[in-house]
1. Please report the accessible area of His53 (heavy atoms, 1.4 Å probe, ligands and nucleic acids excluded) in Å², nearest 10.
2. Roughly how much of Ile67 is accessible, in Å² to the nearest 10, using a 1.4 Å probe?
3. Spelling out what I want: for every residue of region 79-88, take phi, set θ = phi - 60°, compute 6.51 cos²θ - 1.76 cosθ + 1.60 (Karplus), and round to whole Hz; glycine and proline get x.
4. As a test question: what accessible area, to the nearest 10 Å², does Thr43 have when a 1.4 Å probe is rolled over all protein chains in place?
5. Any idea which of Ser61, Gly78, Gly37 is furthest toward the positive side of the dipole for region 25-93, if Lys and Arg beta-carbons carry +1 and Asp and Glu beta-carbons -1?
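The values are calculated or read from the model by the stated rules, or taken from the named source; none is laboratory data. The structure displayed is predicted, hence computed values, not measured ones. Cβ coordinates were reconstructed from backbone atoms using ideal geometry, including for glycine residues, and neighbour counts include every protein chain displayed. Just the protein is used for accessible areas: all its heavy atoms, side chains included, with ligands, DNA and RNA removed. Shrake-Rupley method; radii C 1.70, N 1.55, O 1.52, S 1.80 Å.
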Amino acid sequence: MTRVKATSRRRGRRHAQPEISDDVWQPAEDWEAIEVGATVEVTLPAGHSYTGHIDSKTRDSGLVWIISSAGQGRQMYGNRDGVRLRPASGRRE
């Protein structure tokens with residue numbers, strides 16, 4: 001007797017896929033004009049904001065690393081994370 005492997009998809013477990021809705025999706029921020037070393041106001045999706053300076057960024061400006069002016073360390077953000085960067089007061093700290 002020859003055994004045949006079951007091919008039913010029901011047998012395998014699948015991980016739940018997150019639903020993508022308009023509430024979650026964020027348009028890409030354009031960070032091309034923000035220079036390394038610039039002081040910026042960072043506004044997170046939850047509404048919290050802080051001031052810091054751009055430590056580094058990728059060539060396409062899709063990722064930036066920001067050092068907090070309040071001494072809270074260095075954070076990396078992507079331009080599709082819902083984070084907003086705006087020039088702060090025009091001075092460099």
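1. 50 Å²
2. 50 Å²
3. After applying 6.51 cos²θ - 1.76 cosθ + 1.60, I find 6, 10, 7, x, 8, 10, 10, 10, x, 9 Hz.
4. 40 Å²
5. Gly37
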